[in-house]
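Working notes, beginning with the structure itself.
Computed from the coordinates by the stated procedures, all read-outs in this text should not be read as laboratory data. Just so you know, these numbers come straight off a predicted model, no measurement behind them. Backbone-built Cβ (ideal geometry, glycine too); neighbour counts: all protein chains shown.
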Amino acid sequence: MQGRKEYTGKQITCFQLSSRVPKHNFYRRLKETLDLTAPAARLYL
């Protein structure tokens with residue numbers, strides 16, 4: 001025979017990672033500068 005389990009509620013936090021990255025971040029600026037559409041298109045041929 002099993003005992004009763006006590007369940008505790010968990011808080012779920014939803015957020016966008018891009019909103020947490022600073023505007024002056026190197027990789028954000030690099031993404032704005034580079035055009036990666038052509039190399040990405042070749043990946044899905």
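Per DSSP H run of at least 4 residues, take -39500 (n - 2.57); add these up for the chain, divide by its residues and hand me the 222 nm value, nearest 500 deg cm²/dmol.
So the calculated ellipticity at 222 nm is -10000 deg cm²/dmol.
Over the Cα atoms of the chain, Rg to Rh with Kirkwood Rh, two decimal places?
Radius of gyration over Kirkwood radius for the chain works out to 1.42.
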Original post:
Computed FRET efficiency, Cβ-Cβ of Arg42 and Ser19, R0 35 Å: what is it to the nearest 0.05?
Top reply: 0.70
Original post:
Mind listing the phi-derived Karplus ³J(HN,Hα) values for region 23-33, rounded to whole Hz, using 6.51, -1.76 and 1.60 with θ = phi - 60°, and x for any glycine or proline?
Top reply: 5, 8, 5, 4, 6, 5, 5, 5, 4, 5, 7
Original post:
In nanometres, what is the gap between the two model label sites at Tyr27 and Arg4, each 7 Å from Cα along Cα-to-Cβ?
Top reply: 4.8
Original post:
Just going by the charge dipole of the chain, with Lys and Arg at +1 and Asp and Glu at -1 on Cβ, which of Leu17, Thr37, Gln2 is farthest out on the positive end?
Top reply: Gln2
